[in-house]
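Structure, as structure tokens:
The values are calculated or read from the model by the stated rules, or taken from the named source; none is laboratory data. Keep in mind that what you see is a predicted model, and the values were worked out from it rather than measured. Please note: Cβ atoms are built from the backbone with ideal geometry, for glycine as well, and neighbour counts cover all protein chains shown. Each accessible area value is taken on the protein alone, full model and side chains, heavy atoms only, with ligands, DNA and RNA left out. Shrake-Rupley method; radii C 1.70, N 1.55, O 1.52, S 1.80 Å.
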Amino acid sequence: MGFYLAQFLTGLASASSLFLVASGLSIIFGVTRIVNFAHGSFFMLGAYLAYTFVNILPHGVLGFWGAIIVASLLVGVIGVFLEITLFRRIYKAPELFQLVATFGVVLVIQDLALWIWGAEDLFGPRAPGLGGAVRILGEPIPQYDLLLIVLGPAVLLAVWLLFNKTRWGTLVRAATQDREMVSALGVNQSWLFTSVFFVGSTLAGLGGAIQLPREAANLLMDLNVIGEAFVVVVIGGMGSVPGAFLASVLIGELNAFGILIFPEITLVLAFLVMAVVLVVRPWGLLGKPDAVLRGADGPPEQPLKPFTATSKYLVWALAAALLATPAIADEFVLVLLSDILIFTLFAVSLHFIMGPGGLVSFGHAAYFGLGAYGAALAVKYLGVDMISGLVVAPIAAGLGALVFGWFCVRLSGVYLAMLTLAAAQITWSVAFQWQDVTGGDDGILGIWPAEWASEKMAYYYLTLALVGASVYVIRRIVYAPFGYALRAGRDSQLRVEAIGINLKSQQWMAFVITGIFAGIAGGLYVYSKGSIFPDELHIARSVDGLIMVLLGGIQSLIGPIVGAVSFTMLEDLVTRLDYWRIIFGGVILFIVVIAPEGLAGFARKILPESLTGKKNEGVQI
Amino acid sequence: MLEVQGINAFYGQAKILDDVSFSVGAGEVVALLGRNGAGKSTTMKTMMGMVSSTKGDVTFNGETIKKLPSHVICQKGLGYVPEERRIFTELTVMENLEVGKQDKRPDAPFWTPDKLFKLFPNLAEMRNRPGGQMSGGEQQMLSIARTLMGNPSAILLDEPSEGIAPVIVEQMAFTIMELKKEGLAVLLSEQNLHFAKLVSDRAVIVEKGSIRYQGTVKELEENPEIRDAYLAV
Ligand SMILES: Nc1ncnc2c1ncn2[C@@H]1O[C@H](COP(=O)(O)OP(=O)(O)OP(=O)(O)O)[C@@H](O)[C@H]1O
Ligand SMILES: [Mg+2]
């Protein structure tokens, strides 16, 4: 009995920290509609800054809590700085841009933290006076945990009062519903948003700072916490602080008890709960139906244009060049080119679901990784040959997409995006935690191509053939009746359903298709590297895909190809440098702010009409 | 006091307003008439800085307000009551009023919730009711009251009679007369000529984004061909 109580209290204590992060995320999302990846970075900064200030300020109770408060407020100020310099410019941008931009911030902050605090984990002190334990029913409960258990509800109450009993709170709630109207009533939205960012990031900073006595400050905190925070926010209902509290407790307890039953798959449990909640209540436990936010919509999408004659020649020329390359290139170049081809397919498949499909997938790495792991596991346990491995890859990924897609197409907008992200986090956690089967962090090694394809040149041709064929098939699908119906559904759900198309099953099918092609890319990848690690399933890989699509621009089919090529080359150049993240993040931020239509969109503006078919604009359907 | 000079407006590529000019004098009620889609709401949104215009100018008290952000325009004393009311449904009546609250202004009547409840007695009985649980007519009153909390000296009213029971429409007409008495300038967009006639001094007719007629309401009455050409009957 006492043991279970202790476990329960541990769950509550971790729920508090999670709640602080998630409520901040939820508040920021509720008002600005920005899905802020950098929120995890705020959490991490909170922990690091608290570490620094605990050491600077005089030791003792005042010094300790002073450090926590100063650290949180400083994180709030950093949030304000980012809001003013960056987020303000992208409130009206599509979700994809916002997400990628916030991920750019994640990269920059990661390197800044590395530079300032170093790579070592930093252990904080115990809270003065709370270092001991209290015995409850014979079980020792850390005093600090008890404090956290009280802190969670206290913050909930404070936030509730702030939102419901102050003019500021009233304005914020009004802006959550209709920003434009709030502005027309004489309220300066900019400052309202800035202050919301301050509150939200201060909460994240506080969440990180109070975690310091329980967990060493480290460079992985940011992305680890953001995955959980997203799950919490989605379960609780985006924008709902009480919902975030409820969901934090739920997830906290689930982890506390889940670890007793299935230590390997605690995150899977969280996902299952989330999936069930979303199927029953698509807007989360305490969320509200996602009313169309007024005054925040972007320009309508332009219709897709078929190739012009000139660009057809270019495509043939490119194909010829790719075929001829091995004659002049060395192995190193061939490997890079194979990588580029593989990621081109990855980006094209992601673009298919996002552009024509209109479904934002923030977790595309799941299908890439399922393909790669599917092939690797088949080799490891069944000893299959390469051809079979390459067949298993798309099947595994397609099955994954079949399952995840079934849940995803029930949702829309941000909830959909969050669920795709969570799905990817789940696959990642299975690969990472289920050591016995997947090898965990050590990955799976020794997945080499068959004899006939073992030469770099042979494998390059294999890759070229498969990627070329896949891209061709995807293009055909986009211009087939299925593709038209999909795009029509993206543009007007009601109208498409009115003419008797079952949009949900169309979109489900689109998920499976995109999964299959990402799986092919994953299969090719694992044989080209000879190994696979959980990293290939991580948020960062999903975001890579998003960056590629963003670089190329979402509104053209050539876009993802341009994006994948430029991304992979840039990555190849930059990752050799120290502090490449800061450079890379900086480049992302620069592009998001300067060329929001992507490189291909940017090029379309400056290239001649014979290439782009500009004349067709608005006429082609 | 409120002057629109040759503005245009676009939604994407589509030109919605073309060279629209008219003015509203202090304490005057002007009706902006036109059919569905004529461009009445767009005109008002352009005046409020919610839709941008590449040509012409909008001045308020002799000062240009074009290119200013909406909240600054509001703070200068130009109130806006949108079509469809746009009440904050999650907020109570009192909270809705709170959002509209602005500082006292020397050149305009000063409104408090109590004073507004005298003007709209229905609202007084539902101070703590969420806006989402009110009837269309009640929401319309709340929307006007909310804008008045900003103590405007001129107000843009977009189709206040739309979708409202006849009794309430009458009450609305009475309200507008009260506002006029308080010295407010009112620009009223309407399709309902009968209602516009009750309260307006002058009428401006828009059709396909251009001004087709300006004159007193009385002249309009005497010109049925104009009425039939540009207004739905
Ligand atoms: N957000 C928008 N995007 C594109 N076109 C729009 C948008 N809003 C209005 N329009 C178009 O602009 C034109 C003018 O619309 P507006 O709302 O100004 O008309 P209105 O006179 O207020 O009509 P109503 O009496 O129906 O309110 C219409 O043709 C309408 O279809
Ligand atoms: Mg209108």
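Some values worked out for this structure:
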item	result
Contacts under 8 angstrom Cβ, first residue in the range B:145-159 being under 11 Å from B:R85 (Cβ atoms), partner part of a helix (DSSP H, G or I) and within 11 Å of ligand 2 (Cβ to nearest atom), 6 or more apart	B:D158/B:K40; B:D158/B:S41; B:D158/B:M44; B:E159/B:K40; B:E159/B:S41
Some residue of the range A:189-200 being in contact with a Leu (Cβ under 8 Å, 6 or more places away or on another chain), buried (at least 24 other Cβ atoms within 10 Å of the Cβ) and among the aromatic types (F, W, Y)	yes
Scope the range B:142-171; condition assigned to a helix (DSSP H, G or I) and in contact with a strand residue (DSSP E or B) (Cβ under 6 Å, 6 or more places away or on another chain); matching residues	B:S143, B:I144, B:T147
Counted residues, the range A:228-245 - those being under 12 Å from A:L18 (Cβ atoms) and open to solvent by 10 Å² or more (accessible area, probe 1.4 Å)	3
Subset of the range B:35-74 (residues that are within 16 Å of ligand 2 (Cβ to nearest atom), within 11 Å of another protein chain (Cβ to nearest Cβ) and not in a helix (DSSP H, G or I))	B:M48, B:M50, B:V51
Where B:L187 falls short, out of the listed (1) modelled with pLDDT of 90 or more; (2) over 20 Å from B:Y80 (Cβ atoms)	(2)
Pair list, Cβ under 6 Å, 6 or more apart: the range B:172-198 residue acidic (D, E), other residue more than 16 Å from ligand 2 (Cβ to nearest atom)	B:E182/B:P109
Hits in the range A:43-70 (condition: more than 20 Å from A:N224 (Cα to Cα) and open to solvent by less than 70 Å² (accessible area, probe 1.4 Å))	A:T52, A:F53, A:V54, A:L57, A:G60, A:G63, A:F64, A:W65, A:G66, A:A67, A:I68, A:V70
Residue count, the range B:199-223 (criterion: within 23 Å of B:F174 (Cα to Cα), more than 13 Å from ligand 1 (Cβ to nearest atom) and either of a type in the set (A, V, I, L, M, F, W, C) or buried (at least 16 other Cβ atoms within 10 Å of the Cβ) (or both))	7
Scope the range A:1-34; condition open to solvent by 10 Å² or more (accessible area, probe 1.4 Å) and of a type in the set (F, W, Y); matching residues	A:F3, A:Y4, A:F8
Looking only at the range B:99-114, and only at residues there that are more than 7 Å from every other protein chain (Cβ to nearest Cβ) and open to solvent by less than 70 Å² (accessible area, probe 1.4 Å), the one that is farthest from ligand 1 (Cβ to nearest atom)	B:T112
Filter pass, B:G137 being of a type outside the set (D, E, K, R), at positive phi and either within 16 Å of ligand 2 (Cβ to nearest atom) or away from chain A (no Cβ under 14 Å) (or both)	no
Given (1) open to solvent by less than 30 Å² (accessible area, probe 1.4 Å); (2) farther than 21 Å from B:K45 by Cα; (3) under 17 Å from the mean Cα position of the chain (by Cα); (4) more than 16 Å from ligand 2 (Cβ to nearest atom), number of the condition B:F174 does not satisfy	(1)
Test result for B:A196, under 14 Å from B:G34 (Cα atoms), open to solvent by less than 10 Å² (accessible area, probe 1.4 Å), within 16 Å of ligand 2 (Cβ to nearest atom) and not hydroxyl-bearing (S, T, Y)	yes
Residue tally, condition free of Cβ contacts under 8 Å to residues at least 24 places away in the same chain and either farther than 19 Å from B:M48 by Cα or more than 10 Å from chain B (Cβ to nearest Cβ) (or both), over the range A:175-208	1
Test: residue in the range B:76-98 that is part of a strand (DSSP E or B), under 24 Å from B:M172 (Cβ atoms) and open to solvent by 10 Å² or more (accessible area, probe 1.4 Å)	yes
Criterion (open to solvent by less than 40 Å² (accessible area, probe 1.4 Å), more than 14 Å from ligand 1 (Cβ to nearest atom) and touching a strand residue (DSSP E or B) at 6+ places or on another chain (Cβ under 9 Å)) met by exactly one of B:T64, B:T54, B:T46, B:T59	B:T59
Qualifying positions in the range B:220-233 - in contact with a Lys or Arg (Cβ under 9 Å, 6 or more places away or on another chain) and away from ligand 2 (no atom under 16 Å from the Cβ)	B:L220, B:E221, B:I226, B:A229, B:V233
Test: residue in the range A:159-167 that is more than 15 Å from A:T32 (Cα to Cα), open to solvent by less than 50 Å² (accessible area, probe 1.4 Å), part of a helix (DSSP H, G or I) and not polar (S, T, N, Q)	yes
Criterion: away from ligand 1 (no atom under 13 Å from the Cβ) and closer than 25 Å to B:S161 by Cβ - qualifying residue of B:S70, B:S41, B:S21	B:S70
Failed item, numbered, when A:R167 is tested on (1) within 25 Å of A:A244 (Cβ to Cβ); (2) away from chain B (no Cβ under 14 Å); (3) free of Cβ contacts under 8 Å to residues at least 60 places away in the same chain; (4) touching a helix residue (DSSP H, G or I) at 6+ places or on another chain (Cβ under 7 Å)	(2)
Residue in the range B:127-140 that is surrounded by fewer than 19 Cβ atoms within 10 Å (Cβ to Cβ), within 16 Å of ligand 1 (Cβ to nearest atom) and part of a helix (DSSP H, G or I) present	yes
